[in-house]
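Here the structure comes first, spelled out in structure tokens, and everything after it is commentary.
The values are calculated or read from the model by the stated rules, or taken from the named source; none is laboratory data. Model, not experiment: these values are computed from the prediction. Using ideal geometry, Cβ is built from the backbone for each residue, glycine included, and neighbour counts are taken over all protein chains shown. Remember, those area values only see protein heavy atoms, side chains included, never the ligands or the DNA or RNA. Shrake-Rupley method; radii C 1.70, N 1.55, O 1.52, S 1.80 Å.
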Amino acid sequence: MRVIVKARHMNLTPALKTHAEEKLGAALMRIFDRPAVKIEIELNDVGNNRDGADKECRVTVFMPHGNTINIHEVEDDMYKAIDLAHDRLLYQVK
């Protein structure tokens, strides 16, 4: 399985990258580990919401001969957005 973590409009710190890989990549590997599966994690600082929720986590899972899973979470904290995306990803895969 390939795990790709990217950031837009923000700096990708090693701690944030590790958290995303462990929460999303490792969780998916325990359930569905195939060499052709690719998971893309895009972390984005939207910065234009008035309610304070401006950290975005988009997860796309490409499975061969299967459907693509897309998850989108927006929160005020990036770690919280990753955790919510983790919960939804596990639900979708199961």
(request) Could you please tell me which pairs satisfy a Cβ distance under 7 Å, a separation of 6+ or placement on different chains, a first residue in the stretch 33-61 that is at pLDDT below 75, and a second residue that is not in a loop (DSSP other than H, G, I, E, B) and not hydrophobic (A, V, I, L, M, F, W, C)? (result) 53/75
(request) Working only within the stretch 19-32, note down all residues that are in contact with a strand residue (DSSP E or B) (Cβ under 8 Å, 6 or more places away or on another chain) and either surrounded by fewer than 14 Cβ atoms within 10 Å (Cβ to Cβ) or without any contact (Cβ under 8 Å) to a residue 24 or more places away in the chain (or both). (result) 21
(request) Mind listing whichever residues of the stretch 59-94 are buried (at least 16 other Cβ atoms within 10 Å of the Cβ), closer than 14 Å to residue 21 by Cα and touching a helix residue (DSSP H, G or I) at 6+ places or on another chain (Cβ under 8 Å)? (result) 59, 61, 78, 82, 83, 85, 86, 89
(message) For the stretch 39-54, check the following and say yes or no: at least one residue is open to solvent by less than 80 Å² (accessible area, probe 1.4 Å), within 11 Å of the chain's Cα centre (by Cα) and of a type in the set (Gly, Ala, Ser).
(response) no
(message) With the structure loaded, tell me whether residue 16 is farther than 15 Å from residue 92 by Cα and either open to solvent by less than 70 Å² (accessible area, probe 1.4 Å) or not in a helix (DSSP H, G or I) (or both) or whether it fails that test.
(response) yes
